[in-house]
Amino acid sequence: MLDVASKAFFQTLSYSRTLKTLASRYGMSGAGAFGRRFIAGETVEDAIAAVRHIQSQGLHCTLDYLGESVTSLGAADTATREYLNLIDAVDRAGVERNLSLKLTQLGLDVDRAICVDNLRKILTAAGRCGFFVRIDMESSAYTDATLDTFETVWKLGHRDVGVVLQSCLYRTEKDFERVNALGARIRLVKGAYREPKSVAYQQKSDVDAAYVRLAKRLLTEGVYPAIATHDEKILDAMIAFAGERGIPADSYEFQMLYGIRRDLQARLRDAGYRVRVYVPFGREWFPYFMRRLGERPANVAFVIGSLFKEG
Ligand SMILES: Cc1cc2nc3c(=O)[nH]c(=O)nc-3n(C[C@H](O)[C@H](O)[C@H](O)COP(=O)(O)OP(=O)(O)OC[C@H]3O[C@@H](n4cnc5c(N)ncnc54)[C@H](O)[C@@H]3O)c2cc1C
């Protein structure tokens, strides 16, 4: 319950313009740059530097140009162009070619057909340069639209694209079957959004139990699944499960967020597992940052500590 309340509280704060303005002023520059704990920076250069550093440690990356919930076609077009520029920049830099994006950033709320067109532009450019693109999953209001859009581009022949499913939702077992029947790659997460009890488990123990159930199915039936969690107990249980079933370590990967449980990322890497770090960057970092606070309110102490250091 605390988990749900905290997510709800921080999700509400994430709509505050005043907080966003304050965070933008202090969050990314100066000694108190608390945003940098979870966000690689605001520019493509910052992102590529972070990827180089992470790759030099034997870890893999996926780059997320932050942005979501755009309300105009102009903004969706700008985000699409930013992704196309990012593809060029990554191509030139010769770093790992893996992107994550959100459909509401490409206009899902404004015009579904244009969102599909924007996504196709990105997938086409990405496909030419050998990228893999993951469509992030947003709140349950977008689950159907996200899966439908994903299936549309898949049926149009795009193959270097995958999607995300959330163990907190009751519906996910069925969604797993739908996406798996296509032969597509799934990233499994617990779910970062506050959800009502009509659609989602409210107790963390239920979300965790569903995660374990689904992750086992992904490991045995899925196509190169991504087990995306920082939950050490679950990770150890999945490693034991894969070992018992003789599932090779190169047939799946673990994924974690930038700046979270770096010790665990290193431990898994050292044990021979593939670990991918989700690297978010860009000026629109505030909602992403607030979700990270909502998952672990102890992070607020870290933010406050950073601000005091600045003085
Ligand atoms: C690669 C990746 C991609 C993701 N993509 C999506 C997506 O598309 N859609 C979506 O809804 N969600 C996404 N998420 C977020 C996910 O849904 C969870 O909100 C998030 O991963 C926290 O849950 P957990 O699985 O780590 O487990 P939890 O039980 O929440 O946490 C386990 C442990 O991890 C550590 N931890 C977790 N969160 C934090 C934090 N914020 N700060 C510090 N430590 C922390 C703590 O040690 C905690 O005890 C993604 C997560 C990852 C790792």
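What to note about this one:
- Matching residues in segment 264-304 - criterion: being of a type in the set (Gly, Ala, Ser) and near the ligand (Cβ under 10 Å from one of its atoms): 294, 298
- Condition met for residue 214 (in contact with an Asp or Glu (Cβ under 8 Å, 6 or more places away or on another chain) and touching a residue at least 24 places away in the same chain (Cβ under 8 Å)): yes
- In segment 226-258, the residue that is farthest from the ligand (Cβ to nearest atom) out of those that are in a loop (DSSP other than H, G, I, E, B) and farther than 23 Å from residue 63 by Cβ is 246.
- Options 261, 217, 159, 178: the member that is surrounded by fewer than 21 Cβ atoms within 10 Å (Cβ to Cβ), over 19 Å from residue 134 (Cα atoms) and more than 9 Å from the ligand (Cβ to nearest atom): 217
- Segment 43-63 residues that are farther than 21 Å from residue 228 by Cα, paired with ones that are open to solvent by less than 70 Å² (accessible area, probe 1.4 Å) and assigned to a helix (DSSP H, G or I) (beta carbon under 7 Å, 6 or more apart): 44/86; 44/89; 48/89; 48/90; 48/93
- Subset of segment 133-142 (residues that are open to solvent by less than 20 Å² (accessible area, probe 1.4 Å) and either among the charged types (D, E, K, R) or more than 10 Å from the ligand (Cβ to nearest atom) (or both)): 133, 134, 136, 138
- Of all the residues in segment 46-96, those that are small (Gly, Ala, Ser) and buried (at least 21 other Cβ atoms within 10 Å of the Cβ) number 5.
- Among the candidates 62, 12, residue that is out of contact with any helix residue (DSSP H, G or I) (no Cβ under 8 Å at 6 or more places or on another chain) and in a helix (DSSP H, G or I): 12
- Answer from 262, 245, 296, 267 - the residue that is touching a residue at least 24 places away in the same chain (Cβ under 8 Å), of a type in the set (Lys, Arg) and out of contact with any Pro (no Cβ under 6 Å at 6 or more places or on another chain): 245
- Residue count, segment 282-298 (criterion: assigned to a loop (DSSP other than H, G, I, E, B) and either open to solvent by less than 10 Å² (accessible area, probe 1.4 Å) or among the β-branched types (Val, Ile, Thr) (or both)): 2
- Close contacts from segment 227-242, counting a first residue that is without any contact (Cβ under 8 Å) to a residue 40 or more places away in the chain and a second that is away from the ligand (no atom under 13 Å from the Cβ) and open to solvent by 30 Å² or more (accessible area, probe 1.4 Å), with Cβ to Cβ under 6 Å and a gap of 6+ residues or different chains, come to 241/216.
The values are calculated or read from the model by the stated rules, or taken from the named source; none is laboratory data. As the structure is a prediction and not an experimental result, all values here were calculated from the model. Glycine gets a Cβ as well: all are built from the backbone with ideal geometry, and neighbour counts include every protein chain shown. When the accessible area is computed, the model is the full protein with side chains, heavy atoms only, and any ligands, DNA or RNA have been set aside. Shrake-Rupley method; radii C 1.70, N 1.55, O 1.52, S 1.80 Å.
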